[in-house]
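Quick notes on the structure that follows.
The values are calculated or read from the model by the stated rules, or taken from the named source; none is laboratory data. Remember, predicted model here, so these are calculated numbers, not experimental data. Counting neighbours? That spans all protein chains shown, and the Cβs are built from the backbone with ideal geometry, glycine included. The protein model used for the area step is the full one, side chains on, heavy atoms only, and it has no ligands, DNA or RNA in it. Shrake-Rupley method; radii C 1.70, N 1.55, O 1.52, S 1.80 Å.
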Amino acid sequence: MKKKIRNWSQYNRALVQRGNINIWLSESAISKWQNTEKHGGRGRSNYYFDLAIETCLTLRAVFHLPLRALEGFVNSLLTMIDTSLQSPGYSCLCKRRALLINKALLNLKVTMR
């Protein structure tokens, strides 16, 4: 049974509010966005922590964005938050996504034993 709408102004405000995006990043997440540590091995160290990559990939899954659009979307969110941080590039996201998936699969195998 369908409910009858009685308060149209409230209903209209609710429909407009559905398009509002509120995203919060905690101070600890912002402080762990960029990696400044050196790994000591060969090659360049990762510029972004895994948390930044995971956050971006979660937003990608929620909003069904391709990687290039995701880079722009995250940059605009970081601008709205008024931080000097930047989004990982789409190629970085693609490469690190594969590494994170492999790491997650290894952790799953270890816990299943």
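Residue selection: residue 23 satisfies the criterion of being within 24 Å of residue 89 (Cβ to Cβ) and hydrophobic (A, V, I, L, M, F, W, C). Of all residues in the range 79-109, those that are touching a residue at least 40 places away in the same chain (Cβ under 8 Å) and under 20 Å from residue 66 (Cβ atoms) total 6. Residues in the range 26-58 that are open to solvent by less than 40 Å² (accessible area, probe 1.4 Å) and without any contact (Cβ under 8 Å) to a residue 24 or more places away in the chain were compared, and the one that is nearest to residue 98 (Cα to Cα) is 45. In this structure, residue 101 does satisfy being aliphatic (A, V, I, L, M) and farther than 24 Å from residue 26 by Cβ. In the set (1) open to solvent by less than 60 Å² (accessible area, probe 1.4 Å); (2) over 15 Å from the mean Cα position of the chain (by Cα), residue 76 fails one condition alone, (2). Identification of helices (runs of 4 or more DSSP H) wholly contained in the range 35-113 with 3 or more residues that are at pLDDT 90 or above and closer than 19 Å to residue 21 by Cα yields 50-63, 67-80. How many residues, within the range 59-70, are open to solvent by less than 50 Å² (accessible area, probe 1.4 Å) and in contact (Cβ under 8 Å) with a residue 12 or more places away in the chain? Residues in the range 59-70 being open to solvent by less than 50 Å² (accessible area, probe 1.4 Å) and in contact (Cβ under 8 Å) with a residue 12 or more places away in the chain: 3 in total. The sole residue among 79, 83, 55, 36 that is of a type in the set (Ser, Thr, Tyr) and under 21 Å from residue 104 (Cβ atoms) is 55.
Is there a residue being open to solvent by 80 Å² or more (accessible area, probe 1.4 Å) and under 21 Å from residue 100 (Cα atoms) anywhere in the range 13-22? Within the range 13-22, none of the residues are open to solvent by 80 Å² or more (accessible area, probe 1.4 Å) and under 21 Å from residue 100 (Cα atoms).
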